[in-house]
Amino acid sequence: MGAAVAVGVFDGVHLGHARILEIMRGRARAAGGAGVVVSFDPHPDLVLSKAFQAVPPLTPLPEKRARLEALGIERFEVLPFTRELAALSPEEFVDRHLVRPFSLSALIVGENFALGRGRAGNVSRLREIGGRVGFEVEAVPLLQLEGAAITSTRIRELLARGDVAAAGRLLGRRYTLEASVVTGEGMGRQLGFPTANLRLHDEKYIPAHGIYAVWARIEGEGALRPGAMSIGVRPTFGGKVPTLEVFLLDWQGDLVGRGLTVEFESWLREERRFDGPKPLIEAMQADVAEVRRRLGRGPVAAG
């Protein structure tokens, strides 16, 4: 019995990807064979870009693996993406990386998918190959939501505008950062709002500079706690380096060295430069009041 294989980058593991994976799993069950996801790392755009400009992923590889497992994917294979891999003809790619390792019986891809040299391996070409070799190709139409197709590019554009709520609707979950709490400069504590300074576990796409209403989960705890998050350079104090800081409502203690998961709920406001600490404190007070209004006071059960 051959395998049903879904191939793609799957960056974000969004609702459109979930549809492809659902179809793949259905084909595998119907045939009594294995269901396999084949992806690439690093992102092909990074390797093939003529100008080196790294675009951080929506889902770093460890997170992608975890999210696929949560969707019931039992076998996840990652191909190191290189220029040599990209230079293979579609026939060579399919033979080496799909037919031989998996005894491919069904290939499930998005309708705009293409592989191989010059992206020549589009759906039409893959169906020609499948007809000769002995596998079927199912092209899944792009899932539409709110008037447009769900794509990783669209999600990045929303995050770049700070529209984390809309991005979350396309993902089917809140956009999330996984981080460790590190020692900061203590500026938030001096202002009366002690913040947790974050260092990401893996490189990941960061939403636009601004203030957000978020939920945060402290490592070792199950509850989600409401918080206000700042992404930016702290212009009031002449900052230059972007920082990630979270103020947890109604929580006291030392988080340094612990893990913190942040889930973005909604945008509050843009980052601004204030004329000194007093107007900044007043703005932070207003931010916290708005988070309370949107998210409530205390922790809630996760998930």
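The values are calculated or read from the model by the stated rules, or taken from the named source; none is laboratory data. All values derive from a computational prediction rather than experimental measurement. Here the Cβ is made from the backbone with ideal geometry for all residues, glycine too, and neighbour counts use every protein chain on show. Each accessible area value is taken on the protein alone, full model and side chains, heavy atoms only, with ligands, DNA and RNA left out. Shrake-Rupley method; radii C 1.70, N 1.55, O 1.52, S 1.80 Å.
Data overview
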read-out	value
Candidates Leu98, Leu143 - the one that is closer than 19 Å to Gly16 by Cα and of a type in the set (A, V, I, L, M)	Leu143
In the stretch 129-143, the residues that are open to solvent by less than 60 Å² (accessible area, probe 1.4 Å), among the aliphatic types (A, V, I, L, M) and not in a helix (DSSP H, G or I)	Val137, Ala139, Val140, Leu142
First in the stretch 248-261 and over 13 Å from Trp215 (Cα atoms), second anywhere and of a type in the set (S, T, N, Q), Cβ under 6 Å, 6 or more apart	Val256/Thr183; Gly259/Ser180
Subset tally (residues that are farther than 16 Å from Val9 by Cβ and out of contact with any Lys or Arg (no Cβ under 9 Å at 6 or more places or on another chain)) for the stretch 44-86	11
Extreme residue, least open to solvent (accessible area, probe 1.4 Å), among residues of the stretch 270-293 that are modelled with pLDDT under 95 and within 24 Å of the chain's Cα centre (by Cα)	Glu271
Boolean, Val13 is within 28 Å of Leu145 (Cα to Cα), in a loop (DSSP other than H, G, I, E, B) and open to solvent by 50 Å² or more (accessible area, probe 1.4 Å)	no
Search result, residues across the stretch 91-113 that are among the β-branched types (Val, Ile, Thr) and touching a Phe, Trp or Tyr at 6+ places or on another chain (Cβ under 8 Å)	Val99
From Gly168, Gly130, Gly184, Gly162, residue being small (Gly, Ala, Ser), in contact with a strand residue (DSSP E or B) (Cβ under 8 Å, 6 or more places away or on another chain) and modelled with pLDDT under 95	Gly184
